[in-house]
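A short reminder: the numbers here are calculations on the coordinates, not readings from a lab. Just so you know, these numbers come straight off a predicted model, no measurement behind them. As a convention, Cβ positions derive from the backbone with ideal geometry for all residues, glycine included, and neighbour counts pool all protein chains shown.
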Amino acid sequence: MVTVEDTRVIYVKNVNFYYGGFRALTDITMDFEQNRVTALIGPSGCGKSTLLRLLNRMNDLIDGTRVEGEVIFEGNNIYDAKVDPVDIRRRIGMVFQKPNPFPKSIYNNITYGPRLAGLNNRIDLEALVERSLRQAVLWDEVKDILNQSAMMLSGGQQQRLCIARALAMKPDVLLMDEPTSALDPISTAKIEELIQDLKKLYTIIIVTHNMQQAARISDMTGFFYIGKLIEFNATEKIFTKPDHKQTEDYITGRFG
Amino acid sequence: MAIPSTMRWRYFKEGLFFALVRLSALVITVSLGGLLLYIFLNGFRTVNWAFLTLPPTDSMTKGGIMPAILGTFYLTLGAIAVALPLGIMSAIYLTEYAKQGPIVRIIRIGVNCLAGVPSIVFGLFGLGLFVVFLQFGSCILSGALTLGILILPTIIGASEEALKGVPQTFREASLALGVSKWQTIYRIVLPNALPGILTGSILGIGRAAGETAPIMFTAAAFYTAKLPSSILDEVMALPFHIYVLATAGTHIEETRPIQYGTVLVLVGLVLGVDLIAIFIRSFIRKRKRW
């Protein structure tokens, strides 16, 4: 085992997930370690996005879904009846496939979450905006136009703004659902670089369709196929000497 | 190069079809234009400042229609005050909260049926419930409630469309930040849906202002000497005034100019309100960036 028990921030134990009668995930057990980037790869419909959205209870929003098993975050099962999903989502941030800034100013995009969580001091908010934008490497580009609409930014800038917006909540874990699939190569490179910096502070779990991306940025890679975790190992091993033939077939482009 | 005969036949069919489409558009435009022109030509001589600001005199054969304008204003305002909050909240329930399933489908069918109910039925319903059973009597309150129910489907429909028009990604983005569902609706969904809701509601205003049947038994007076002092007073109203002058008065021929004048004012008001809605909508569409 590569995993060291103490360093895992969040882990999934024997999870099954159903959309109505359809089983989308079968018996998934996975550890996500602190300050690591874990990539989830696999062909479309394999369940990797479903697993990602399971980690901050975004699947709750879909009618008729059901979870079996446990998702343990800081020692507690987030699917326990006592747990408020709103609280979980404050601690586990998410960045989506398509940049989705609010039709508000850049400043208000960042402060929206923290304000509703109770932060109201203007000086603190301003500091938070700068810190978050710097972390997302967007500060230099937008520091003079903070009051302009976020909709004016380019796609790549919008996505970095969405990352900054998630970071403003000071989460422990950052979930990224194909964050670069709607972006051009230059923006993609910027975000990949950013992810490398962010892992010093956060635990990152990223779903990607881009195998090179997974190989470039992740420490651990999980390969999914038809709702099952086929192989979960150090990225280097997955991409050089995978244990399973299915994994090898997928990463070498024989199917997918 | 000669065009083959099969192609010529196709061009002919195409030309015929386009002509038909153009003709339909023309028929509608001409009939609407003709109607408006007819009303204008017959009414514009009557409408002046005094007509708009004075009460009727001499058994309603002379004087103005100010009490009716005011009455219609009160009734419409009341109807909006009733229907807007109720309609928006229903729409929020239907689109944001309710589990999509048979119950929601039944509610939606109910709302659509409500939209198809003849307006006289609303009038009788208002008479039965508000005027008689709840003993409000024939007054602004009863009329506004009745008109409110009448325009409820319009407002629910417009609000639902507007709410559905707010991208799902906005909701996800907000919820993923650990913002509660209600705050997401209140802070993100509603502000972005509001322009659409208001435009739809303004169209509802036009409907409420123009209806006669719902207010006949619930609010409208044949003639009132004084202006209403509370919402429990009867009022005169534009559509009912037209109906009365044209059918029930003792001087029907004498009051023709007043009838046309009143029609012109009513049509002007309703079209004006609709135009405002159309302007607001086009303004918002231009500003929208998602």
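Observations on the model:
- Among A:F73, A:L54, A:V15 - extreme Cα towards positive end, dipole of the range A:8-138, charges at beta-carbon: A:L54
- For the range A:72-78, 3J(HN,Hα) per residue [Karplus equation, 6.51 cos²θ - 1.76 cosθ + 1.60, θ = phi - 60°, Hz, x = Gly/Pro]: 9, 10, 6, x, 10, 6, 6
- Each other residue within a Cβ distance under 11 Å of B:V189 adds +1 if Lys or Arg and -1 if Asp or Glu, for a net charge of +3.
- Inter-probe distance in nm under a simple model that places probes 7 Å from Cα toward Cβ, at A:M151 and A:N121: 3.5 nm
- All lysines inside 24 Å of B:K286 as judged from Cα atoms, apart from same-chain residues fewer than 8 positions distant: A:K98, A:K104, B:K164
- A:V207 long-range amide H proximity, modeled H, under 5 Å: A:L40, A:M176, A:D177, A:E178
- Residues listed by number, the range A:181-219, amide nitrogen under 18 Å from A:D140 label point at 7 Å toward C-beta: A:186-198
- Label point of A:T252 set 7 angstrom out along Cα-Cβ; within the range A:196-211, amide nitrogens under 18 Å from it belong to A:211.
- Candidates B:V244, B:V117, B:V47, ranked by Gaussian network fluctuation over chain B, Cα under 10 Å, top entry: B:V117
- Leading residue at positive end of dipole, chain A (Cβ point charges), from A:Q157, A:L146, A:V83: A:L146
- Per-selection Rg to Rh, the range A:176-229 - Cα, Kirkwood hydrodynamic radius: 0.97
- Per the Debye formula on identical point scatterers at the alpha carbon atoms of the range B:185-290, with no solvent, log10 I(q)/I(0) at q = 0.11 Å⁻¹ is -0.51.
- Stokes-Einstein D (µm²/s) once Rh is taken as the Kirkwood radius of the protein assembly as shown over alpha-carbon pairs, at 10 °C in 1.306 mPa s: 56 µm²/s
- Charge dipole (debye, nearest 20) of the protein assembly as shown; +1 at Cβ of Lys and Arg, -1 at Cβ of Asp and Glu: 1000 debye
- Length available on full extension from B:Y11 to B:K62: 0.36 nm per residue minus the Cα-Cα distance, which gives 12.3 nm.
- Helix A:106-116 vs. chain A, principal-axis angle (Cα, 0 to 90°, nearest 10): 70 degrees
- For chain A, the convex hull spanned by the alpha carbon atoms encloses 128 Å³ per residue.
- The relative contact order of chain B comes to 25 percent, based on Cα pairs under 8 Å that sit 6 or more residues apart.
- In terms of overall dimensions, the range B:49-287 has a Cα radius of gyration and Dmax of 20.5, 70 angstrom.
- Between the amide H of A:T65 and those of A:G20, distances stay under 5 Å, these residues lying 5 or more places away or on another chain, with hydrogens modeled in the peptide plane.
- Hydrodynamic radius (Kirkwood) for the range A:1-79, which is based on Cα pairs only, to one decimal in Å: 13.2 Å
- Helix-only mean residue ellipticity at 222 nm for chain A, each DSSP H run of n ≥ 4 adding -39500 (n - 2.57), per residue, nearest 500: -10000 deg cm²/dmol
- For the range A:228-240, Karplus couplings with θ = phi - 60° (6.51, -1.76, 1.60), whole Hz, Gly/Pro x: 10, 7, 6, 8, 9, 7, 4, 3, 4, 5, 4, 8, 10
- Sequentially through the range B:271-277, phi angles give Karplus couplings (6.51, -1.76, 1.60; θ = phi - 60°) of 5, x, 4, 5, 4, 4, 4 Hz, Gly and Pro residues having no value and appearing as x.
- Summing +1 for each Lys or Arg and -1 for each Asp or Glu among the other residues whose beta-carbon sits under 9 angstrom from that of A:N56 gives +4.
- Spin-label pair B:I280/A:K82, simplified geometry with 7 Å Cα→Cβ offset, distance in nm: 4.9 nm
- Near A:K170, once Lys and Arg are set to +1 and Asp and Glu to -1 for all other residues with Cβ below 15 Å from its Cβ, the sum equals +3.
- The charge dipole of chain B, taken about its Cα centre with unit charges on the Cβ atoms of Lys, Arg (+1), Asp and Glu (-1) only, comes to about 1400 debye.
- Amide proton proximity set for A:M94, modelled H, under 5 Å, gap of 5+: A:L175
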